[in-house]
Amino acid sequence: MLDIPRSLYREPKTLEDIKALKRTLWVNPDQESVKNVWESYPFTMSDIDDAEKRLERFAPLLMQYFEEVRKTNGIIESPLKKIPAMEERMKERHLIKGQLYVKLDSHLAIAGSIKARGGIYEVLKRAEDLALAAGILKVTDDYSKLAEPKYRDFFSQYDIQVGSTGNLGLSIGIISATLGFDVTVHMSADAKSWKKDLLRQKGARVIEYDSDYTEAVRNGRLAAEVNDRSYFIDDENSSTLFMGYAVAAKRLIKQLEEEHITVDADHPLFVYLPCGVGGAAGGITFGLKKLFGEHVHSFFVEPARIPSVLIGMATGLNEKISVKDYGLDGVTEADGLACPSPSALVGKVMKPLLSGIFTVKEHELFNYLRELAHSEGLYIEPSSCSAFEGVARLYDYPAGRDYLAEWGLDEDKMTHATHIAWATGGRLVPKDVMDHYLETYIDSSR
Ligand SMILES: *Cc1c(COP(=O)(O)O)cnc(C)c1O
């Protein structure tokens, strides 16, 4: 066990709850008014614009390779959907003010999860960087030519390594193999077997470990050190992944307009993001804060059995701490969130922006899964379902009510609030696995 300096136990009550495996809400004491944040912030709006333009350059190539993105002109994007039946059911049991939407990254093209944003983006950037440096591509070219054999041969000289609990591996594996790269995915013991099978079928090399995600990442990093044609996708540090996720915010503006949703001082926007290492949730939060400022309130949700970003941020130790230092085994049904240590990048960049972090009990994941399936006919994976915990319990905790009071969000404003549960994965789950989830009941003491 790590010896944590007493002074860093800034939230003793929350941290005691975590050790006892109780669900909780931690409100970030370091959140600032956004106008004070940007001056010294490491990322800017032009970083997001740059990522968005790169994705546009690759759109013709993606259309060439993937039938499923032809109707969106090569752009990988998910719907924002109003879910009134789910809202009604949830309001029978919980105090919720305002309207409920779900963002269906669970159904994103190609990878079937939120990783279709960051993961695919980083591989595309790698491909572009290599081709530009070799002088075989200009940014003004039609990128669909990259599907020609001579470009695929060029990419096949390079390898890509990634560590994953499943979904990141799926996105990186599929896009890398499609472009022609030699790709190896290092899978932690949490990874579901259907994800490994699917990857092998797509042409990726899969190495399985008996150990956790941190260990799988370590092995990926080591494998990439062997030669300079290797590239390691670093989920714990990558600002490229982060920027791929941030683009989601720009796309959301248009979707909010289409739904006639106003976001301003009288119409706050709440987003609830399932969180593993924090990269996806962090990137999206950065984008949203950049665009909507203090009118957006971003909460992460982590399993009570593995709340790594919460522990990292609440102690200030970030990536230097693991849930294992707290005596937690980190075993969860939410395989997409099974990361014992947080990203090094995210704790730092979320410090002034994040509203807080909810933790969720295992049995609730399956309750939300059934509720969404039965009320709306939407099927998403257990990790994804954690988003609904934030919607359900904002008012349950004194810390949540204090947060609303502190930000001046009275009853009237909250009546006009929009809540977005960010669904992060599910489309590729095989039917028999989903049927099993629908029948899964976990003892609430777990
Ligand atoms: C990866 C993942 C997340 C969280 O992303 P992080 O970057 O690890 O925080 C959430 N849900 C699902 C389904 C995922 O695969």
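The values are calculated or read from the model by the stated rules, or taken from the named source; none is laboratory data. On a predicted model such as this, the values are computed, not experimentally measured, just so you know. Don't worry about glycine lacking a Cβ; one is built from the backbone with ideal geometry, like all the others, and counts go over all protein chains shown.
Observations
- Filter result (assigned to a helix (DSSP H, G or I) and within 16 Å of the ligand (Cβ to nearest atom)) within segment 374-390: Pro382, Ser383, Ser384, Cys385, Ala387, Phe388, Glu389, Gly390
- Condition check for His297: modelled with pLDDT of 95 or more, buried (at least 24 other Cβ atoms within 10 Å of the Cβ), more than 15 Å from the ligand (Cβ to nearest atom) and more than 15 Å from the chain's Cα centre (by Cα): yes
Residue by residue, here is whether (1) crowded, with 21+ Cβ neighbours inside 10 Å; (2) touching a Phe, Trp or Tyr at 6+ places or on another chain (Cβ under 8 Å); (3) under 25 Å from Asp190 (Cβ atoms) holds:
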position	(1), (2), (3)
Phe358	yes, yes, yes
Leu369	yes, yes, yes
Ala373	no, yes, yes
Gly390	yes, yes, yes
Ala399	no, yes, no
Lys413	no, no, no
Trp422	yes, yes, yes
His436	no, no, yes
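Yes/no matrix, rows are residues, columns are (1) within 16 Å of the ligand (Cβ to nearest atom); (2) assigned to a loop (DSSP other than H, G, I, E, B); (3) buried (at least 24 other Cβ atoms within 10 Å of the Cβ); (4) among the small types (Gly, Ala, Ser):
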residue: Gly203; (1), (2), (3), (4): no, yes, no, yes
residue: Ile207; (1), (2), (3), (4): no, no, no, no
residue: Asn219; (1), (2), (3), (4): no, no, no, no
residue: Asn227; (1), (2), (3), (4): no, yes, no, no
residue: Ala246; (1), (2), (3), (4): yes, no, yes, yes
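- Members of segment 179-207 found to be more than 22 Å from Asn227 (Cα to Cα) and not small (Gly, Ala, Ser), listed by number: Asp190, Lys192, Trp194, Lys195, Lys196, Asp197, Leu198, Leu199, Arg200, Gln201, Lys202
- Scanning segment 300-337 for residues that are touching a Leu at 6+ places or on another chain (Cβ under 7 Å) and more than 13 Å from the ligand (Cβ to nearest atom), we see that the one that is nearest to Ala421 (Cα to Cα) is Ala304.
- Of all residues in segment 168-194, those satisfying the criterion of being without any contact (Cβ under 8 Å) to a residue 40 or more places away in the chain, within 21 Å of the chain's Cα centre (by Cα) and crowded, with 24+ Cβ neighbours inside 10 Å are Gly169, Gly173, Val185, His186, Met187.
- Residues considered: Arg126, Arg152. Of these, the only one that is under 28 Å from Ala338 (Cβ atoms), out of contact with any Ser or Thr (no Cβ under 7 Å at 6 or more places or on another chain), of a type in the set (Lys, Arg) and assigned to a helix (DSSP H, G or I) is Arg126.
- None of Met90, Met63 is in contact with a Phe, Trp or Tyr (Cβ under 9 Å, 6 or more places away or on another chain), assigned to a helix (DSSP H, G or I) and either modelled with pLDDT of 95 or more or not basic (Lys, Arg) (or both) except Met90.
- Scanning segment 400-423 finds one or more residues that are in contact (Cβ under 8 Å) with a residue 40 or more places away in the chain, of a type in the set (Val, Ile, Thr) and within 16 Å of the ligand (Cβ to nearest atom).
- Residue that is nearest to the ligand (Cβ to nearest atom) [pool: residues in segment 158-173 that are small (Gly, Ala, Ser) and under 13 Å from Ala111 (Cβ atoms)]: Gly166
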